Structures are given as C-alpha cells and as structure tokens.
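Some notes on the structure that comes next.
The values are calculated or read from the model by the stated rules, or taken from the named source; none is laboratory data. Predicted, not measured: the structure shown is a model, and the values here were computed from it. Quick reminder, even Gly has a Cβ in these numbers, built from the backbone with ideal geometry, and neighbours come from all protein chains shown. All accessible areas refer to the heavy atoms of the entire protein, side chains included, with ligands and DNA or RNA removed. Shrake-Rupley method; radii C 1.70, N 1.55, O 1.52, S 1.80 Å.
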Amino acid sequence: MAKRIAGITIEIGGDTTKLTKSLEGVDKQIGTNRKNLQDIEKLLKLDPGNVELLTQKQKNLNQETEAYKERLEKLKSVSKESLSKEEWDNLQREIVDTEQK
C-alpha cells in the first residue's frame, strides 16, 4: 500500500508530515483487525453457532470499516496543488484501492 504514496508530504492539523506516517496508525489497526478476524474465522469453523464469536466478528468488522473510512478521509484530504502529477496519480490509485476494500 504505502509504496504508491511514499514521499507525499501533506499538512494534517497544521503539522506537515508524510502521508505514509499519518496512515501508519490506521494501517496498523487494519492489520490487527484482519488478524483477529482470521482467528475468529478459524474458531467459527469449529463452532459456527457460537454467539460470542459471532459478536466478536461483527465488532471487528465494524472497527475495520471505521478504520478504512478514516484512511480514506486522510487520503482525500490531500490537495492536488500540493503534489506533482505522478504523486497525484499514485494518490488517486490508493484512494480507489481503499474505496474498494
């Protein structure tokens, strides 16, 4: 993911920072949710009717959805004027990829 947007610098909350740096926390949360979902899916194969596992799965799916929304907001906050054409094209591809997920 980050290779497409490496080197892009934006201003978030008045602080200039690399876009990849501002996405690290969100991407980490997405990764954690994916791992949790994989673990839950394995356990659900053994006990498909387990209400506790289904509740955890729903909670993790909601958290992942919120994390992707946050990621998309950060990506869309970059203005076209602050980027070169190549950076802008890379950013647009990243936005499409995030929207699809």
**Item:** Full-stretch length increase - Lys42, Ser79 - with 0.36 nm per residue and alpha-carbon distance subtracted
**Value:** 9.1 nm
**Dipole magnitude (debye, nearest 20) for region 42-90, charges at Cβ of Lys, Arg, Asp, Glu** = 180 debye
**Fill in**
Violations at 27 Å Cα threshold for listed pairs Lys45/Lys74; Lys21/Lys45; Lys35/Lys74; Lys18/Lys42; Lys74/Lys101 -> Lys45/Lys74; Lys21/Lys45; Lys18/Lys42
**Request:** Hey, can you find the accessible area per residue of region 35-101 for me, probe 1.4 Å, expressed in square angstrom?
**Result:** 70 Å²
**Prompt:** With all protein chains present, how much of the accessible area of region 25-101 (probe radius 1.4 Å) comes from carbon and sulfur, to the nearest whole percent?
**Reply:** 51 percent
**Prompt:** log10 I(q)/I(0), Debye, Cα-only region 28-68, no solvent, q = 0.15 Å⁻¹?
**Reply:** -0.32
**Three principal axis lengths of region 21-101 [C-alpha, angstrom, descending]** = 53, 16, 16
